[in-house]
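Novice: Submitted below is the structure of interest, expressed as structure tokens.
No value in this document is a laboratory result; all are computed from the given coordinates. Only a predicted model underlies this, so the values are computations on that prediction, with no experimental measurement involved.
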Amino acid sequence: MHIIQFVETHAHLDMMKRELKEVIVDARQKGVDKIITIGVDIESCKKNISIAERFDNIYTAIGFHPHDSKKMKEEEILLLEEMVAHPKNVAIGEIGLDFYYNHSAPQVQKKAFRRQIDLANKYNLPIIIHDRDAHEDTIKILAEKARGRRVVLHCFSGDINMAKWCVEEGFYFGIGGVVTFKNAHTLSKVVQEIPLKSILLETDAPFLTPHPYRGKPNEPKYIPIIAEKIAQIKGKSVREIAQITTENAHQVFGLS
Ligand SMILES: [Zn+2]
């Protein structure tokens with residue numbers, strides 16, 4: 001077993017181009033011991049659940065991505081509710097708002113976001129948030145429905161003020177490949193300011209590949225590159241980053 005162990009808290013294993021077994025073996029060789037695979041609609045949630053059933057240490061989050069909010073009708077909510085209780089499901093996600101693409105209308109996104117937070121609260125599960133160009137409404141809805149809950153801001157893209165508010169609320173920050181990009185000034189500053197006990201590691205694979213592999217498909221095996229960058233920003237060792245972020249992930253998602 002690898003001495004330094006990481007938890008990959010956000011990958012889309014159902015979207016991997018390569019043989020999954022190889023993806024998982026390569027990740028483990030880099031110390032990426034546990035992976036949470038994230039759903040975006042009913043079909044992807046079902047695929048991820050079957051992946052989690054096939055492999056040890058793979059967990060799921062189920063939910064409708066803001067892009068796919070328009071597909072979430074009453075029937076889909078019932079299907080989500082059936083999957084919630086699966087023994088390897090550890091969260092509701094990714095849910096939230098994306099006003100950059102607006103693949104679903106803003107009102108539809110907000111409704112689906114609220115509805116899925118209610119579902120998470122009903123089953124006492126953490127939520128994994130996607131927020132792009134929608135900080136104000138995301139904060140408003142979280143303040144209204146998720147205070148005192150376990151909340152992960154996946155691929156955090158807010159400014160320092162938003163970060164401070166999230167720290168005060170006890171929310172977690174999913175930090176991924178973007179932190180390795182040369183123009184990631186705001187995110188670097190955020191990472192510098194927030195406590196390590198608020199940070200989770202994630203790749204968002206197959207998207208957002210870290211430097212120097214940009215242009216290639218992202219995979220969970222790149223988690224150590226993100227940990228190295230965070231270590232550099234915070235002036236800590238990679239070992240310490242791994243230890244604390246792994247503890248954080250275990251705490252948020254109830255992994256053992
Ligand atoms: Zn994602």
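Novice: Between region 155-181 and region 30-88, how far is it from one alpha carbon centroid to the other, in angstrom?
Specialist: 23 Å
Novice: If eta is 1.306 mPa s and T is 10 °C, what Stokes-Einstein diffusion coefficient results for the chain, Kirkwood Rh from Cα pairs, in µm²/s? Walk me through the numbers on the way to the answer.
Specialist: Details: Rh = 17.9 Å.
For these conditions, the coefficient is 89 µm²/s.
Novice: Residue by residue, what Karplus-based ³J(HN,Hα) values in Hz, rounded to whole numbers, does region 39-52 have, using 6.51, -1.76 and 1.60 with θ = phi - 60° and x for Gly and Pro?
Specialist: x, 10, 7, 4, 4, 5, 4, 4, 4, 5, 5, 5, 5, 5
Novice: In terms of the ratio Rg/(2.2 N^0.38 Å) built on C-alpha atoms, what value belongs to region 68-204?
Specialist: 1.05
Novice: At q = 0.14, 0.16, 0.26 Å⁻¹, what is the base-10 log of I(q)/I(0) for region 7-71 according to the Debye formula with one equal point scatterer per Cα and no solvent? Please give it to two decimals.
Specialist: -0.38, -0.49, -1.12
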